[in-house]
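Asker: I have a structure here, written as C-alpha cells, and I will follow up with some questions on it.
The values are calculated or read from the model by the stated rules, or taken from the named source; none is laboratory data. Worth saying up front: this structure is predicted, and the values here are computed from it rather than measured. Please note: Cβ atoms are built from the backbone with ideal geometry, for glycine as well, and neighbour counts cover all protein chains shown.
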Amino acid sequence: MAKKELQILVADQKILNRIYVIRDQKVMLDKDLAEMYGVETKRLNEQVKRNGKRFPKDFMFTLTQKEFGNLRSQFATSSWGGIRYLPNAFTEQGIAMLSSVLNSEIAIEVNIRIIRVFTKLRDYALTHKDILRQLAQLEKEVKGNTRDIEAIFVVLKELIEKQSMPTPRNKIGFRQYGDKKG
C-alpha cells in the first residue's frame, strides 16, 4: 500500500473515531472539529453564534448534561478537562455549513474529508441494510421450505419401508395342474 493511501486511511480512521451517535444522529463534537480545523473550540463556537441562522437544530445542537455524562463515561477518562459549557454536536449538514463559516484552507480540506467519511458510512449502512433484507427473505423462504422438506422425508421413509417389506407377487407363467394357486 502506498504511503499516501495509508495516510488517507489513518486520517479517515481518526475521523471515524470522532463520530458519535447522539439522538439517533451521527454527529461530531465542537471540540474534535476545532482540533481538526486547527482552531480553539471557543473560536469555532463564536463563529457558529455569529452565523446562528446557518445552524438550525437539525444541523447543530447542544448536548444535555445527561448526554454529556454518558459520552464522558464511554471514555472512562477525564481528558475533557474542565469545561464551562456543554459541547455542541454537529450533524453532517452542520459540518458542511462550517466550511462557509470557517474560511481557511485547512477548514475546507478537513470538511471535504469529513463529508467523504460520512458518505462512506451511509453507503456502508445501505449495503448492510440490503444484506439484512436479503437474509430476512432467505429466512422466510427456508421457514416455508421446512414443511415441504418434512413432507419429502415422510414420503421417502414410506418408500424405504415399502422396499424393505416387498409385497408377495403372483408368479407369472404356466402353472401345472395341482399348483395351490390357480
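Asker: Mind listing whichever residues of the range 9-30 are within 18 Å of Ile106 (Cα to Cα) and surrounded by 19 or more Cβ atoms within 10 Å (Cβ to Cβ)?
Answerer: Ile15, Met28, Leu29, Asp30
Asker: Please identify the pairs in which a residue from the range 106-133 that is touching a residue at least 12 places away in the same chain (Cβ under 8 Å) has its Cβ atom under 6 Å from the Cβ atom of a residue that is surrounded by 11 or more Cβ atoms within 10 Å (Cβ to Cβ) and of a type in the set (D, E, K, R), counting only partners at least 6 apart or on another chain.
Answerer: Val117/Asp12; Phe118/Glu92
Asker: Within the range 1-87, considering only helices (runs of 4 or more DSSP H) that don't extend past its boundaries, which have at least 1 residues that are among the acidic types (Asp, Glu) and modelled with pLDDT of 90 or more?
Answerer: Working: elements: 3-16, 30-37, 41-50, 65-75.
Filter on the range 1-87 gives 30-37, 41-50.
Asker: Then there is this: Quickly run through the range 32-52 and pick out the residues that are surrounded by fewer than 17 Cβ atoms within 10 Å (Cβ to Cβ) and either under 15 Å from the mean Cα position of the chain (by Cα) or closer than 27 Å to Ser73 by Cβ (or both).
Answerer: Of everything in the range 32-52, those that are surrounded by fewer than 17 Cβ atoms within 10 Å (Cβ to Cβ) and either under 15 Å from the mean Cα position of the chain (by Cα) or closer than 27 Å to Ser73 by Cβ (or both) turn out to be Glu35, Glu40, Lys42.
Asker: Of the residues in the range 113-153, how many are aromatic (Phe, Trp, Tyr) and in contact with a helix residue (DSSP H, G or I) (Cβ under 7 Å, 6 or more places away or on another chain)? Reasoning before the result, please.
Answerer: Keep residues of the range 113-153 that are aromatic (Phe, Trp, Tyr), which gives 118, 124, 153.
Filter once more, keeping what is in contact with a helix residue (DSSP H, G or I) (Cβ under 7 Å, 6 or more places away or on another chain): 118.
Residues meeting the conditions: 1.
Asker: Go through the residues of the range 121-130 one by one and say whether even a single one is touching an Asp or Glu at 6+ places or on another chain (Cβ under 6 Å) and within 17 Å of Ile15 (Cβ to Cβ).
Answerer: Looking for residues that are touching an Asp or Glu at 6+ places or on another chain (Cβ under 6 Å) and within 17 Å of Ile15 (Cβ to Cβ), one finds none in the range 121-130, hence no.
Asker: A follow-up question, please. Report yes if Gln65 is touching a Leu at 6+ places or on another chain (Cβ under 8 Å) and more than 16 Å from Asn111 (Cβ to Cβ), otherwise no. It would help to see each step written out before you state the result.
Answerer: On the way: touching a Leu at 6+ places or on another chain (Cβ under 8 Å): yes; more than 16 Å from Asn111 (Cβ to Cβ): yes.
Judged against the criteria, Gln65 is a match.
Asker: Give the residues of the range 91-107 that are outside any helix (DSSP H, G or I) and more than 14 Å from Pro56 (Cβ to Cβ), sorted by residue number. Write out each step before concluding.
Answerer: Narrowing the range 91-107 to residues outside any helix (DSSP H, G or I): 91, 102-104.
Across the range 91-107, the qualifying residues are Leu102, Asn103, Ser104.
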